[in-house]
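Remarks on the structure that follows.
The values are calculated or read from the model by the stated rules, or taken from the named source; none is laboratory data. Just so you know, these numbers come straight off a predicted model, no measurement behind them. Don't worry about glycine lacking a Cβ; one is built from the backbone with ideal geometry, like all the others, and counts go over all protein chains shown.
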Amino acid sequence: MDPIRNRPRVVTSNPSTLQPQKEAQQTVAPARTNAVGHAQLSTFEAKLAAPAAATQPLPGAWRGGPDTEVGKAVQAIWERMKTMPGADVTIKGDTPASLLGRAILDGKKVSNEQIIAMSKVTLDQLATDPKDREKVLKKVPNARELPVHKFTVAMLSAATGIDPKKLSEACPDLGLTGAPGTPLLYAAEGQGMQRSTALHDFTDYLRGAGLKGMNKAVWGVENRILSAIVSAVGGGRY
(Lines give C-alpha, C1' and ligand atoms only; values in the text may rest on other atoms or scores of the structure.)
Protein backbone atom coordinates (compact mmCIF):
# COMPACT_ATOMS: atom_id res chain seq x y z
CA MET A 1 0.00 0.00 0.00
CA ASP A 2 1.25 3.42 -0.93
CA PRO A 3 1.93 5.77 1.81
CA ILE A 4 -0.87 8.30 2.29
CA ARG A 5 1.40 11.13 1.34
CA ASN A 6 2.00 9.54 -2.11
CA ARG A 7 -1.71 9.17 -3.14
CA PRO A 8 -2.75 11.30 -6.19
CA ARG A 9 -4.62 14.52 -5.38
CA VAL A 10 -7.89 15.65 -7.10
CA VAL A 11 -7.38 18.92 -8.93
CA THR A 12 -10.31 21.39 -8.51
CA SER A 13 -10.95 24.78 -10.06
CA ASN A 14 -10.00 27.90 -8.26
CA PRO A 15 -13.03 29.07 -6.20
CA SER A 16 -12.13 32.66 -6.99
CA THR A 17 -12.74 32.08 -10.76
CA LEU A 18 -15.96 30.10 -10.29
CA GLN A 19 -17.73 32.68 -8.15
CA PRO A 20 -17.94 35.46 -10.81
CA GLN A 21 -19.20 32.94 -13.38
CA LYS A 22 -21.96 31.82 -11.04
CA GLU A 23 -22.99 35.37 -10.28
CA ALA A 24 -23.06 36.22 -14.03
CA GLN A 25 -25.34 33.24 -14.73
CA GLN A 26 -27.67 34.31 -11.93
CA THR A 27 -27.79 37.85 -13.35
CA VAL A 28 -28.47 36.76 -16.93
CA ALA A 29 -31.23 34.31 -16.01
CA PRO A 30 -33.69 36.85 -14.52
CA ALA A 31 -32.98 39.21 -17.43
CA ARG A 32 -33.93 36.49 -19.91
CA THR A 33 -37.03 35.63 -17.89
CA ASN A 34 -38.13 39.25 -17.80
CA ALA A 35 -37.54 39.67 -21.53
CA VAL A 36 -39.60 36.58 -22.32
CA GLY A 37 -42.30 37.73 -19.92
CA HIS A 38 -42.60 41.13 -21.58
CA ALA A 39 -42.63 39.59 -25.04
CA GLN A 40 -45.38 37.16 -24.05
CA LEU A 41 -47.45 39.97 -22.47
CA SER A 42 -47.19 42.11 -25.59
CA THR A 43 -48.21 39.20 -27.80
CA PHE A 44 -51.13 38.38 -25.54
CA GLU A 45 -52.32 41.98 -25.54
CA ALA A 46 -52.02 42.15 -29.33
CA LYS A 47 -54.08 38.98 -29.71
CA LEU A 48 -56.76 40.45 -27.46
CA ALA A 49 -56.86 43.75 -29.35
CA ALA A 50 -56.93 42.28 -32.87
CA PRO A 51 -60.26 40.39 -32.62
CA ALA A 52 -61.93 43.41 -30.97
CA ALA A 53 -61.00 45.63 -33.91
CA ALA A 54 -61.87 42.97 -36.46
CA THR A 55 -65.32 42.26 -35.02
CA GLN A 56 -66.33 45.92 -34.60
CA PRO A 57 -69.38 46.30 -36.89
CA LEU A 58 -69.60 49.20 -39.31
CA PRO A 59 -72.38 51.61 -38.27
CA GLY A 60 -75.44 51.00 -40.42
CA ALA A 61 -74.26 47.60 -41.66
CA TRP A 62 -77.22 45.94 -39.91
CA ARG A 63 -79.63 47.72 -42.26
CA GLY A 64 -78.88 45.47 -45.22
CA GLY A 65 -76.23 43.53 -47.11
CA PRO A 66 -73.89 45.05 -49.72
CA ASP A 67 -76.25 44.02 -52.52
CA THR A 68 -79.28 45.84 -51.09
CA GLU A 69 -80.13 49.45 -51.93
CA VAL A 70 -79.71 50.63 -48.36
CA GLY A 71 -76.50 48.64 -47.96
CA LYS A 72 -75.02 50.33 -51.02
CA ALA A 73 -76.10 53.74 -49.68
CA VAL A 74 -74.41 53.11 -46.33
CA GLN A 75 -71.22 51.90 -48.00
CA ALA A 76 -71.16 54.97 -50.27
CA ILE A 77 -71.44 57.25 -47.25
CA TRP A 78 -68.43 55.62 -45.57
CA GLU A 79 -66.38 55.71 -48.76
CA ARG A 80 -67.03 59.45 -49.10
CA MET A 81 -66.21 60.06 -45.45
CA LYS A 82 -62.71 58.56 -45.89
CA THR A 83 -61.57 61.46 -48.05
CA MET A 84 -63.80 64.18 -46.64
CA PRO A 85 -62.15 67.50 -45.65
CA GLY A 86 -62.87 68.16 -41.99
CA ALA A 87 -63.23 64.45 -41.17
CA ASP A 88 -60.41 64.81 -38.63
CA VAL A 89 -62.14 67.58 -36.65
CA THR A 90 -63.10 66.44 -33.14
CA ILE A 91 -65.88 68.05 -31.10
CA LYS A 92 -66.61 66.79 -27.59
CA GLY A 93 -65.03 63.43 -28.38
CA ASP A 94 -66.84 62.96 -31.70
CA THR A 95 -65.60 63.12 -35.27
CA PRO A 96 -68.05 63.68 -38.14
CA ALA A 97 -67.89 59.92 -38.82
CA SER A 98 -68.61 58.83 -35.25
CA LEU A 99 -71.54 61.24 -34.79
CA LEU A 100 -73.02 60.41 -38.19
CA GLY A 101 -72.61 56.71 -37.49
CA ARG A 102 -74.14 56.80 -34.01
CA ALA A 103 -76.97 59.30 -34.50
CA ILE A 104 -77.99 58.61 -38.10
CA LEU A 105 -76.76 55.32 -39.56
CA ASP A 106 -77.27 53.43 -36.29
CA GLY A 107 -80.29 55.54 -35.29
CA LYS A 108 -83.18 53.14 -34.76
CA LYS A 109 -85.73 55.85 -35.57
CA VAL A 110 -84.01 56.75 -38.85
CA SER A 111 -85.54 54.61 -41.60
CA ASN A 112 -83.80 52.84 -44.45
CA GLU A 113 -85.82 54.96 -46.84
CA GLN A 114 -84.42 58.12 -45.27
CA ILE A 115 -80.84 56.82 -45.60
CA ILE A 116 -81.42 56.06 -49.28
CA ALA A 117 -83.14 59.42 -49.90
CA MET A 118 -80.17 61.41 -48.50
CA SER A 119 -78.05 60.66 -51.56
CA LYS A 120 -80.76 62.11 -53.80
CA VAL A 121 -80.80 65.53 -52.12
CA THR A 122 -79.36 68.27 -54.36
CA LEU A 123 -77.29 71.35 -53.54
CA ASP A 124 -80.12 73.64 -54.66
CA GLN A 125 -82.42 72.04 -52.08
CA LEU A 126 -79.95 72.78 -49.27
CA ALA A 127 -78.51 76.14 -50.36
CA THR A 128 -79.05 79.14 -48.08
CA ASP A 129 -80.73 82.13 -49.69
CA PRO A 130 -78.08 84.55 -51.09
CA LYS A 131 -79.41 87.41 -48.94
CA ASP A 132 -79.11 85.25 -45.83
CA ARG A 133 -75.55 84.31 -46.79
CA GLU A 134 -74.66 87.99 -46.73
CA LYS A 135 -76.19 88.34 -43.26
CA VAL A 136 -74.24 85.33 -42.03
CA LEU A 137 -70.87 86.52 -43.31
CA LYS A 138 -71.49 90.05 -42.07
CA LYS A 139 -72.15 88.77 -38.56
CA VAL A 140 -69.58 85.92 -38.57
CA PRO A 141 -67.00 86.74 -41.29
CA ASN A 142 -64.93 83.60 -40.64
CA ALA A 143 -67.95 81.27 -40.55
CA ARG A 144 -66.52 78.91 -43.17
CA GLU A 145 -63.23 78.57 -41.28
CA LEU A 146 -64.77 77.43 -38.00
CA PRO A 147 -64.10 73.79 -37.00
CA VAL A 148 -67.82 73.26 -36.30
CA HIS A 149 -68.66 74.41 -39.84
CA LYS A 150 -66.15 71.98 -41.36
CA PHE A 151 -67.48 69.25 -39.06
CA THR A 152 -71.09 69.85 -40.17
CA VAL A 153 -70.20 70.11 -43.85
CA ALA A 154 -68.29 66.81 -43.63
CA MET A 155 -71.33 65.01 -42.20
CA LEU A 156 -73.83 66.45 -44.67
CA SER A 157 -71.55 66.08 -47.67
CA ALA A 158 -70.75 62.44 -46.86
CA ALA A 159 -74.45 61.66 -46.48
CA THR A 160 -75.61 63.42 -49.67
CA GLY A 161 -72.61 63.12 -51.97
CA ILE A 162 -72.59 66.88 -52.59
CA ASP A 163 -69.14 68.39 -53.10
CA PRO A 164 -68.00 69.77 -49.70
CA LYS A 165 -66.52 72.97 -51.19
CA LYS A 166 -69.75 73.78 -53.00
CA LEU A 167 -71.78 72.96 -49.90
CA SER A 168 -69.64 75.23 -47.72
CA GLU A 169 -69.94 78.02 -50.29
CA ALA A 170 -73.72 77.67 -50.51
CA CYS A 171 -74.34 77.23 -46.77
CA PRO A 172 -71.91 79.32 -44.69
CA ASP A 173 -74.36 79.14 -41.77
CA LEU A 174 -73.85 75.38 -41.30
CA GLY A 175 -72.57 74.89 -37.76
CA LEU A 176 -73.69 78.30 -36.49
CA THR A 177 -76.20 78.39 -33.65
CA GLY A 178 -79.42 80.20 -34.51
CA ALA A 179 -80.72 81.26 -37.94
CA PRO A 180 -79.85 84.06 -40.39
CA GLY A 181 -83.37 85.48 -40.32
CA THR A 182 -83.38 85.90 -36.53
CA PRO A 183 -81.42 88.01 -34.02
CA LEU A 184 -79.95 84.76 -32.69
CA LEU A 185 -76.99 83.78 -34.84
CA TYR A 186 -73.55 83.10 -33.38
CA ALA A 187 -70.64 80.70 -33.23
CA ALA A 188 -71.04 78.70 -30.02
CA GLU A 189 -67.93 78.38 -27.86
CA GLY A 190 -68.95 75.33 -25.84
CA GLN A 191 -68.31 71.99 -27.53
CA GLY A 192 -71.57 70.53 -26.26
CA MET A 193 -73.55 73.23 -28.07
CA GLN A 194 -71.32 72.93 -31.13
CA ARG A 195 -71.96 69.21 -31.44
CA SER A 196 -75.71 69.48 -30.95
CA THR A 197 -75.85 72.39 -33.44
CA ALA A 198 -73.93 70.36 -36.04
CA LEU A 199 -76.33 67.45 -35.68
CA HIS A 200 -79.43 69.66 -35.66
CA ASP A 201 -78.25 71.46 -38.80
CA PHE A 202 -77.79 68.05 -40.42
CA THR A 203 -81.34 66.88 -39.64
CA ASP A 204 -83.08 70.23 -40.14
CA TYR A 205 -81.41 71.04 -43.47
CA LEU A 206 -82.47 67.63 -44.77
CA ARG A 207 -85.98 68.26 -43.45
CA GLY A 208 -86.00 71.57 -45.29
CA ALA A 209 -84.86 69.77 -48.44
CA GLY A 210 -87.97 67.61 -48.29
CA LEU A 211 -86.71 64.66 -46.27
CA LYS A 212 -89.49 64.61 -43.70
CA GLY A 213 -89.14 63.01 -40.29
CA MET A 214 -85.41 63.64 -39.76
CA ASN A 215 -85.86 66.00 -36.81
CA LYS A 216 -88.36 63.66 -35.18
CA ALA A 217 -86.10 60.66 -35.68
CA VAL A 218 -83.22 62.27 -33.77
CA TRP A 219 -84.83 64.88 -31.50
CA GLY A 220 -88.28 63.43 -30.91
CA VAL A 221 -90.12 66.37 -32.50
CA GLU A 222 -90.28 67.48 -36.15
CA ASN A 223 -90.86 71.20 -35.67
CA ARG A 224 -87.76 73.23 -36.46
CA ILE A 225 -87.87 75.50 -33.40
CA LEU A 226 -88.91 72.82 -30.91
CA SER A 227 -86.28 70.40 -32.15
CA ALA A 228 -83.67 73.16 -31.88
CA ILE A 229 -84.68 73.69 -28.25
CA VAL A 230 -84.37 69.97 -27.53
CA SER A 231 -80.94 70.07 -29.15
CA ALA A 232 -79.83 73.11 -27.13
CA VAL A 233 -80.77 71.55 -23.78
CA GLY A 234 -78.89 68.35 -24.58
CA GLY A 235 -81.80 66.10 -25.48
CA GLY A 236 -82.16 63.72 -28.39
CA ARG A 237 -81.98 60.07 -29.32
CA TYR A 238 -78.27 59.58 -29.96
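Some notes on this structure:
- Restricted to helices (runs of 4 or more DSSP H) entirely inside region 115-226, those with at least 2 residues that are over 20 Å from Ala76 (Cβ atoms) are 130-139, 147-160, 164-170, 191-208, 214-219.
- Lys108 assigned to a loop (DSSP other than H, G, I, E, B) and assigned by TED's automatic domain parsing to the domain that holds Arg195: yes
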